[in-house]
Amino acid sequence: MAADLRRDLLGAKAHLKSDWALWTGILVPPIAWASDETISYALVKWACNHHTTTSIQLVTFAALLVMAAAGIAGWRAQRERGSETETERAAFMATLSATTTAFFIVVTIAMAIPKWALHNVCV
């Protein structure tokens, strides 16, 4: 019994690491999208006063990079699982991570098109 408990406890660190990666892939893309929208909105007045939207575009590009990195981390984390039920759970979370990441990347790009197309328009 002690040997089984010790083996379970020794494997807990690996599961904890991959759990963080899986949750990162699921939760970071919507947070990055919301941060991009909030920061971009806050920068509009400054960007119009300085006649440049480079800062707004850089924020969007950084959000896209963060989303992609989180999605990749979530997808790769499923390989660290051992038992059958844990593998099914990790596969589901990895698929959810990839789907969430793809969705929020598409939404961020769609929301960025007016920023990129109308960069010279300031009221």
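The values are calculated or read from the model by the stated rules, or taken from the named source; none is laboratory data. Since this is a predicted model, take the numbers as computed values, not measurements. Cβ sites come from the backbone with ideal geometry, for glycine too, and all protein chains shown count toward neighbours. Ligands, DNA and RNA are excluded from the accessible area calculation, which covers all protein heavy atoms including side chains. Shrake-Rupley method; radii C 1.70, N 1.55, O 1.52, S 1.80 Å.
Return the residues of segment 69-92 that are among the β-branched types (Val, Ile, Thr) and at pLDDT 80 or above; say none if nothing qualifies.
Within segment 69-92, just Ile72 meets the criteria.
Checking every residue in segment 28-46 against the condition of being at pLDDT below 90, out of contact with any His (no Cβ under 8 Å at 6 or more places or on another chain) and open to solvent by less than 50 Å² (accessible area, probe 1.4 Å) gives zero matches. Among the residues of segment 15-27, the ones that are crowded, with 21+ Cβ neighbours inside 10 Å and hydroxyl-bearing (Ser, Thr, Tyr) come to 1 in all. Give the residue that is least open to solvent (accessible area, probe 1.4 Å), with candidates limited to residues of segment 47-70 that are of a type in the set (S, T, N, Q) and not in a helix (DSSP H, G or I). Among those that are of a type in the set (S, T, N, Q) and not in a helix (DSSP H, G or I), it is Thr53.
Give segment 34-51 a look and list any residue that's touching a Ser or Thr at 6+ places or on another chain (Cβ under 7 Å), among the small types (Gly, Ala, Ser) and within 16 Å of Ile109 (Cα to Cα), or say none. Ser40, the sole residue that qualifies.
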